[in-house]
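Colleague: One structure coming up, written as C-alpha cells, with questions to follow.
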Amino acid sequence: MSLVAGSYERFIWGFTLHPQSLTLTPLFSYPSHLSLIKTVALSGSVVASGGSDDTIHLYNLAAASSLGSLNHHSATVTALSFYAPPHLSFPRNLVSADAAGSLSIFDADGFVHLKSLSVHRNAVNDLALHPSGKLALTVGRDECLAIVNLVRGRRSFCCRLGKEASLVRFDAAGDRFFMATEEKVSVHEAEDARLLLELECSKRVLCAAPARNGLLYTGGEDRNITAWDVKSGKAAYSLEEAHNTRVKGIVVLTDSDGATGDDDPYLLASASSDGIIRVWDVRMAATEKPNPLAECKTQSRLTCLAGSCLKVKRPQAGKSKPKVEDQTMED
C-alpha cells in the first residue's frame, strides 16, 4: 500500500505502508515544484502532482524516480485524476484542471497531450472521473457544475448551482456523485444529477473519499473523519479529533478492483495541515476511541493526499534519486 502527499512547502512525499508491521516507510521526498502543491493523483506506480507554478510533475513510485513534467497549463493546476481500466496496471489517461477554468486530457502512454478545453469561466475547484472513463464532472468558482465528454473532448452540459462547490466525487460504481459546499455534502443521481439527499456536517468539508461498502468518508475543519451512510444520509460513525488541525486528505486503502475480496474496507489514511499522516482501523470506531495504527510527521503543511494498494519496493541503498527539475516531458 502506498501514500503520496503534497505540501505548501513544494515538497511531495511518498510512503509505503507495510500491512504486517503497520509502519509508514518513507520512499522519497522531493522539492518538486517552484511553489505550493495543490493536488496529487496516484494510479498503480504512476504519480502526478500539480502546483501553483502551472506545472504537472510525474513520478515512478516503484523506482522513486522522476518521469518528467507537463507544461500545458497557464494557471495553477487545481485538480488531477487518472483513468485506469480495471484490467490494466498502468493508467490510460490523465485529466487535469486549472485556475483559468480549463481542462486538459493526456494519453498516459508517453503522456501525450490530446486536448485542452475551457469548461468554466473561473477556476476549476475539483474534478471527478466516471469509472467508465467516458466523462468527467467539474465544479468551479463560477458556481457551476459541468459535465465533460472525454470521448469527444468537449463540454456537454453546464448548470448553475447558486453556491460554489469545492469538491466533487463519484461513488465506486459511478451511480451517484457527491458535491461539497461549505459544511454540506449533496448526494446526486449520476444519470440525471437529481438531488437524493444532503449530509449536514458541523464545519466546512475539505476532503472526501467514497468506499465500496456504501459509505462516504469526509473530513475538514472539524478535525474529525466521519463515515456517512449515503442511503440514509446519517452518520454511521466518526473518528473524533482524528487530527489536531483540519483534515486535508482522506484515502480508503482498498483495491480498486476488489482483488482482496474484502467488501468492507477497514484501513483509512488521513493527512492534516499540521503535517501528520495517520492510518486508521475504522472497525475500532464503533467500540472505542481509536488510536492510529501508523503515523508519520512530515514537518510540513500538507495540502493533499492520494493512495494506492500497489506494493512498492523501496529503492536500494546507495542509489541516488534523480532530481525532478532535471527532466522535462515533451509531447
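The values are calculated or read from the model by the stated rules, or taken from the named source; none is laboratory data. Since we're looking at a predicted model, the values are computed, not measured. Neighbour counts are summed over all protein chains in view; Cβ atoms, including those assigned to glycine, are modelled from backbone coordinates with ideal geometry. Note: areas computed on protein heavy atoms with side chains; ligands, DNA, RNA excluded. Shrake-Rupley method; radii C 1.70, N 1.55, O 1.52, S 1.80 Å.
Colleague: Taking strands (runs of 3 or more DSSP E) that fall entirely within region 191-236, which contain at least 1 residues that are among the hydrophobic types (A, V, I, L, M, F, W, C) and over 17 Å from ALA285 (Cβ atoms)?
Modeller: Result: 195-200, 205-210.
Colleague: Please go through region 15-63 and give me each residue that is within 25 Å of TRP280 (Cα to Cα), open to solvent by 20 Å² or more (accessible area, probe 1.4 Å), more than 18 Å from the chain's Cα centre (by Cα) and of a type in the set (A, V, I, L, M, F, W, C), ordered by number.
Modeller: LEU22, LEU24, ALA62
Colleague: Which one is nearest to HIS243 (Cα to Cα) among residues in region 275-302 that are β-branched (Val, Ile, Thr), at pLDDT 90 or above and surrounded by fewer than 21 Cβ atoms within 10 Å (Cβ to Cβ)?
Modeller: ILE276
Colleague: Could you tell me whether region 241-253 includes any residue that is surrounded by 15 or more Cβ atoms within 10 Å (Cβ to Cβ), in a loop (DSSP other than H, G, I, E, B) and at pLDDT 95 or above?
Modeller: Yes, because at least one residue in region 241-253 is surrounded by 15 or more Cβ atoms within 10 Å (Cβ to Cβ), in a loop (DSSP other than H, G, I, E, B) and at pLDDT 95 or above.
Colleague: Would you kindly identify the strands (runs of 3 or more DSSP E) lying entirely within region 110-181 that contain at least 2 residues that are open to solvent by 10 Å² or more (accessible area, probe 1.4 Å) and at positive phi?
Modeller: none
Colleague: Given the criteria of a type outside the set (S, T, N, Q), open to solvent by 10 Å² or more (accessible area, probe 1.4 Å) and either under 27 Å from ARG246 (Cβ atoms) or in contact with a strand residue (DSSP E or B) (Cβ under 8 Å, 6 or more places away or on another chain) (or both), does PHE106 qualify?
Modeller: Criteria not met by PHE106.
Colleague: Condition first: without any contact (Cβ under 8 Å) to a residue 60 or more places away in the chain, more than 23 Å from ALA146 (Cβ to Cβ) and part of a loop (DSSP other than H, G, I, E, B). Now tell me which residues in region 49-88 satisfy that.
Modeller: ASP53, THR55, PRO85, HIS87, LEU88
Colleague: Can you name every residue in region 1-44 that is of a type outside the set (A, V, I, L, M, F, W, C), under 15 Å from LEU302 (Cα atoms) and not in a strand (DSSP E or B)?
Modeller: TYR8, GLU9, ARG10, SER32, HIS33, SER35
Colleague: Looking only at region 227-240, which residues are at pLDDT below 95 and buried (at least 23 other Cβ atoms within 10 Å of the Cβ)?
Modeller: Scanning region 227-240 gives a single hit, LEU239.
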